[in-house]
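Here is the structure we will look at.
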Amino acid sequence: MKPALLAILFTLVIPAVFADTVTLDNGDHITGSVVSKETGQLLFKTTYAGIIKIDWASIVELQTDKPVQIVLVNETTLEQALFSANKKGIAAIKPGDAGKPLIIALDRVRYINPSPAVSGKGTKVHGRANVGIATANGNTDSKSYNLDAEVVVRRFTNRITVGGSLFKASSNNIVTEDKNTTYFKYDYFLDKKRYIYGDSSFAHDKFKDQKLKSTVGVGYGHQFIESSRQNLFIEGGINYVRDDHFNSADEKYTAGRWAIRYDQKFFKNRMQFFHTHEGLLDLGNSDNLTLISKTGFRFPLLSGMSATLQLNVEWDKSPPAGTKTTDRKMLFNVGYSW
C-alpha cells in the first residue's frame, strides 16, 4: 500500500486529537468542527471565535473526527463518511467499512453537510411580513397603513415565491390611496445557477386609473449568488399583459420582461441592503413601458423583528390620461422575518 494512502487511513482511524483540523496554505492549523460547505467557503466552528468562514481554495488539508455528509458535483452523496483531505484529494470512508477509501479530488466536492433545501432532501421556507401605520387628528384627520409580505419555498431544483402588498390612506374621510399587488413565481433550476420560470401578477391602483393589471409569463434566469448573506439574480422573458382601466380604454399586449433582485448584509449582519427592479415593454409599442423598483435597508432588531427604510418608485412612460408618469413612496415599516 502506498505511504500516502497509509497516512490518510491513519488520520481516519487514529485521529491525533478528538476534533476536526484544518490546515491553511499559509501553514496555520485550526481545530474545531466542520459545520458545512454550501458555497466556496467552509463554515468551521471553533471554541474561541464561534463559526468562521474559510475559503475552500485556501485549505491544503482537512481532517474530520466525526462523520459528515459529502455531496459531489455529480450529485453523488456519501452519507456519514469520515474523511481526510489535502490538495491531492479526499479519502472518504464509512465507519466500519473495511474496503479501500474512495479518493476524490477537492474540486469535485460540492457540499459538506448541506442543509435539506440545498441537498434536495428537504425544504427551506423563509419569509417576511411588514406593516406601517400613521394617523393624525386635529385640523386634519388622516390615517394610512401599508402591509407587505413574501414567502419563499426552496428545494434543490425548485423555488416558489409568493407575495403581495396593500396601501390604504384617507384624509378627512376621503380616500387618497387605494392600491394592492399580488405576485407568484415558480423557478425550476436546470443547474446550480440557471433556471427557467413562470410568473404572474395582479395589480390594482384606483388613483392610477388601474382597475386590474394582470400579467402571466415565462422566461429564463441566472442566479449569480444565493446565500444567507448575499443574493443576486437577473432574469428575462415574455409576458402577456391585460390592463383594465376605470376610465381609459383597456389594453392587451405581449411584453418583454426583465428583472433584477439583489440583497446583501453588512456590518456582521446588522444591516441589509436590498434592491429589486422590474420592467415591462410592449413589444408592439415602445412607448408602453413601465418600470418598478424597491430599494432600501433592513435593520434587525430582536427575535426576528426588523425595521425597514424603503423607497418605492413606479414609472410609466405613457400613463392613462390625467395621471402622472412617476409615483414615489418612502416607507418606514416594522416587520418580522423567519
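Descriptive notes on the structure:
- All aspartates and glutamates inside 20 Å of residue 143 as judged from Cα atoms, apart from same-chain residues fewer than 8 positions distant: 177, 178, 205, 327
- Using every pair of separate Cα atoms, the Kirkwood estimate puts the hydrodynamic radius of the chain at 23.5 angstrom.
- Among beta bridges that DSSP assigns inside the chain, antiparallel share in %, nearest 5: 100
- Nearest-ten-degree value, helix 3-13 long axis tilted from longest Cα axis of the chain: 70
- Dipole moment magnitude, nearest 20 debye, the chain about Cα centre, only Lys, Arg, Asp, Glu C-beta charged: 660
- Placing +1 on the Cβ of every Lys and Arg and -1 on the Cβ of every Asp and Glu, with no other charges, gives segment 110-194 a dipole of roughly 800 debye about its Cα centre.
- Scoring 174-182, 37-45 by mean Cβ neighbours within 10 Å over their residues and listing the highest first yields 37-45, 174-182.
- Taking other C-beta atoms within 10 Å as the exposure proxy, 218, 71 rank 218, 71 from fewest upward.
Only the coordinates and a few stated rules stand behind these numbers; no lab work does. Predicted, not measured: the structure shown is a model, and the values here were computed from it. A quick note on method: Cβ atoms are made from the backbone with ideal geometry, for glycine too, and the neighbour counts reach across all protein chains shown.
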